[in-house]
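Novice: Input: one structure, supplied below.
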Amino acid sequence: MPFLIQFLLFYTFTVSTFASDNVIKLITGKAYNKKNKLIYTEKHIETYSKNGALLSLNTKYYDLDEKLFAELNSDFTNYDYLPDHKYEDSRMKRTDGTRSVKGKKQIVAFAKANENSKLKEKTFDATDDLISGQGFYAYFYKNFDNLKNIKKALYIKFLIPMQQAKYSFYIEKHSSNENSLVFRIKFSNWFIRMLAPYIQLTYDIKTKKLLEFKGPSNVPGEDGEIQNVTIKYD
């Protein structure tokens, strides 16, 4: 997942193991910049219940020297699309994410851009139409059968902890053939569209597996700025 979703990318293999009635999937992929140069590798551990519900996601990010530089953990215990999650990046000492508020249908978004900045926090209502972090990936996983049949754009809200704000976006079916299905996600906010006109997700139509991601990465460049990537899975 996917800011956003976290949602995953690249030279991939998937292994499923069964332990304590849970299903573990291991996914590896590679992220490329606009010059088609490899810039980092992701390794994901996805944990599902025996009924197929996504329980947690752990993602580790490695540079070209195979050195770990960032990690993202997401826990879907409280909400399907608003996981308690935390991203930590050792390069600029960046951290951001969300945590649920005990006893209330609310979450707290927190963010610290670098070691010299102050930690900022803001509380949001955990509404049914709100997504954050790898909840973006979970949303497509859970609703794939409905999304592949949508006839018009579907509007959702996405919370970006680093911005301490939520933004409207819409999902539309872009193209399809007998093997794959392509979705495009576009933000309503004009400024975000300037940075990233759209996010494009390509899925295997039979297995529902994410094959490719194109758009702004949840991993910033070494300068701390948003970078657009193509993430491929095998």
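Every number here is computed from the coordinates shown, using simple stated rules; none is lab data. Just so it is clear, the structure is predicted and the values come from calculations on it, not from any experiment. All Cβ positions, glycine included, derive from the backbone under ideal geometry; neighbour counts span all protein chains shown.
Novice: Note the count of lysine pairs whose C-alpha atoms are less than 20 angstrom apart in region 177-234, limited to pairs 8 or more residues apart or on different chains.
Specialist: Numbers: Lys186/Lys214; Lys206/Lys232; Lys208/Lys232; Lys209/Lys232; Lys214/Lys232.
Close lysine pairs found across region 177-234: 5.
Novice: Further question: Would you tally the net charge around Ile45, using a Cβ to Cβ cut-off of less than 14 Å, leaving Ile45 out, and scoring K and R as +1, D and E as -1? Kindly include the intermediate steps, with their values, before the conclusion.
Specialist: On the way: positive: Lys25, Lys43, Lys60; negative: Glu42, Glu46, Glu71, Asp75.
Net local charge, Ile45 excluded: -1.
Novice: Next up: For Arg99 paired with Lys152, estimate the spin-label separation in nm (one decimal), with each label point 7 Å from Cα along the Cα-to-Cβ line.
Specialist: If labels sit at Arg99 and Lys152, their model points lie 4.2 nm apart.
Novice: Could I ask something else about it? Give me the number: length gained by fully extending Ser180 to Asn51, i.e. 0.36 nm times residue separation minus the C-alpha to C-alpha distance, one decimal in nm. Before the final figure, lay out the partial values.
Specialist: On the way: separation 129, 0.36 × 129 = 46.44 nm, distance 2.54 nm.
Here the segment from Ser180 to Asn51 would lengthen by 43.9 nm.
Novice: When ranked by the protection proxy of mean other Cβ atoms within 10 Å per residue, highest first, what sequence do the peptides 132-140, 52-60 form? Mind dumping the intermediate values first?
Specialist: Working: 132-140: 27.3, 52-60: 18.3.
Ranking, from highest mean packing down: 132-140, 52-60.
Novice: Please give me, ordered by residue number, the GluC sites (Glu not before Pro) of region 159-234 that lie in loop per DSSP and have at most 14 other Cβ atoms within 10 Å. All intermediate terms of the calculation are to be shown ahead of the outcome.
Specialist: Working: sites: Glu172, Glu178, Glu212, Glu222, Glu225; in loops: Glu178, Glu222, Glu225.
The qualifying sites are Glu178, Glu222, Glu225.
Novice: Here is a further query. Which net charge results when you count Lys and Arg as +1 and Asp and Glu as -1 among the other residues whose beta-carbon is under 12 Å from that of Glu121?
Specialist: Within the 12 Å Cβ shell, the charges total +4.
Novice: Quick check: residue separation of Val23 and Asp234 times 0.36 nm, minus the Cα distance between them. What number comes out in nm? Could the numbers behind the result be given before it?
Specialist: Working: separation 211, 0.36 × 211 = 75.96 nm, distance 1.98 nm.
That pair, Val23 and Asp234, stretches by 74.0 nm at full extension.
Novice: For region 30-100, what's the radius of gyration and Dmax over Cα atoms, in angstrom?
Specialist: 14.1, 41
Novice: Give, rounded to the nearest 20 debye, the magnitude of the charge dipole that region 93-201 has about its Cα centre when Lys and Arg contribute +1 at Cβ and Asp and Glu contribute -1 at Cβ.
Specialist: For this selection, approximately 300 debye.
Novice: For region 93-176, what does the alpha-carbon gyration tensor say about shape, rounded, prolate or oblate, given a ≥ b ≥ c as the root eigenvalues, a/c under 1.5 as rounded, and a/b over b/c as prolate? Display every interim value, and only then the final one.
Specialist: Details: a/c = 2.73, a/b = 1.92, b/c = 1.42.
Prolate, since a/c reaches 1.5 and a/b exceeds b/c.
Novice: Across region 36-105, how many lysine pairs separated by 8 or more positions, or lying on different chains, have Cα atoms within less than 21 Å?
Specialist: 13
Novice: Magnitude of the Cβ-charge dipole of the chain, K/R +1 and D/E -1, about the Cα centre, nearest 20 debye?
Specialist: Values: 36 positive and 27 negative charges, 114 e Å.
That gives a dipole near 540 debye.
Novice: Lys/Arg Cβ at +1, Asp/Glu Cβ at -1, dipole of region 103-195 taken about the Cα centre: which of Gly135, Ile192, Ile150 is farthest positive-ward?
Specialist: Ile192
Novice: Per DSSP helix of 4 or more residues, -39500 (n - 2.57); summed, then divided by the residues of the chain. What does that give at 222 nm, rounded to the nearest 500? Provide the component values of the computation, followed by the final result.
Specialist: Values: 2 runs with 19 residues, N = 234.
Theoretical 222 nm ellipticity from helices: -2500 deg cm²/dmol.
Novice: Quickly work out the Leu195-to-Glu88 label distance, labels modelled 7 Å from Cα along the C-beta direction, and quote it in nm with one decimal.
Specialist: So the label points at Glu88 and Leu195 sit 2.4 nm apart.
Novice: Extending each Cα 7 Å along its Cβ direction at Glu66 and Asp204, get the distance between those two points in nm, one decimal.
Specialist: With each label placed 7 Å out from Cα toward Cβ, I get 2.6 nm.
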